[in-house]
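Readers should treat all values here as calculations from the given coordinates under stated rules, not as data from a laboratory. No experiment lies behind these values; they were computed from the predicted model shown. We place every Cβ from the backbone using ideal geometry, glycine too, and count neighbours over all the protein chains shown.
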C-alpha cells in the first residue's frame, strides 16, 4: 500500500467504514508510516532489539558508537503555564542516557523545522536538574519525511544538520537527520545498481519500499536489520478493524490540517508546477522561480 493508496483509503473509509473489508482483500500490507502503525512497528516494547537495530541503521552507528539498548520515554511533555505540549512520535534514551527523538512528518508545513527545534529544545531542557551542571547528553533527532522537503536538491535525500560556527563544527552533541523517503526511492531508480547506496540506512529504506510495494523481503536482510517477525507485523491481517479505523480517524485529521493550512495555502500549486518543471529539466530553479513567481525560500523548504 503506497502513500497515495493509503490516503485514498483513509478518505473513503472515513466516510464508509464498512468498505474496510474490501481494502483487506486488495492490500497485503499496512501503510508503515502512518502515525500509530509506525509506533507499533518500531517502538514495540515486546521487541526492543528491533528499535535498536532500526536506530543504528538509520543513524549509521556502529562499533563503540552503536546503540546497545533503548528505553522508551513518555511521549508527551506537558507544557508549563501557556507553553505548548510536545507530543513525540517516539522518544527514549540509550543506555548512555542519550535522548533520541523520532518524528514522521506526513505533510508539508512551513513551520516544520521550527516545531522540530522546539521539540528538541524541550528534550534539552528536561535533561538538566537543579543540582546538576550543564553537561548535556548527546541528542539525536531522526525525522522521516514522507514527502520531499528540499526539491531543489534532487540528488540528496539525507540532510545531516549540526551546529557550526564559521563553517566549522561548533557543538558536537546535537545530530539532526532529515530523511526524504520518496526522494531516496527516486534516486535509487535512476542510479545504476553498481553505484547505489549500500549503507544500512539505504538497505533499511529498501525494506520499507518492499513493504509499500508489497514485495517479498529476504529473511536474511530482515534478521540483520530488524527481525524476521517484521514481515508478519506489517501484514494487514494482523490488525483489527478497530485499530485500523482509529488510524483512519487520526490520519483524516492530518489530511484536513493539510487542506486547511493557511501557511501552505495558495502557493502549493505553483510550487508543484515548479518542482515538476525542474525535475523534468525543462527549467532551471532560477527560471522557474522567475516565471512562476515562486518564492525561493518557500520552494527550497517545500516538500511538494
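Just a few scattered comments:
- Beta bridges assigned by DSSP with both partners in region 3-263 are antiparallel in approximately 55 percent of cases.
- Extent of region 86-136 along its three principal axes (Cα atoms, max minus min coordinate, largest first): 40, 21, 15 Å.
- Of all DSSP-defined beta bridges confined to region 83-237, some 45% are antiparallel rather than parallel.
- Diffusion constant of region 177-250 at 37 °C, which comes from Stokes-Einstein with the Kirkwood Cα-pair radius and 0.692 mPa s, µm²/s: 232
- A Förster radius of 30 Å, combined with the Cβ-Cβ distance separating residue 35 from residue 163, puts the computed FRET efficiency at roughly 0.55.
- Long-range Cα-Cα pairs in region 3-263 (distance over 33 Å), rounded percent: 22
- Summarised in one figure, the compactness ratio Rg/Rh of region 166-219, Cα atoms and Kirkwood Rh, is 1.12.
- Pairwise Cα separations in region 59-169 fall into 10 Å bins from 0 onward with the following percentages, short to long: 11, 38, 37, 13, 1.
- Region 29-124: C-alpha pair distances exceeding 18 Å, %: 51
- Taking 0.36 nm per residue of sequence separation and removing the Cα-Cα distance, the residue 87/residue 227 pair yields an extension gain of 47.6 nm.
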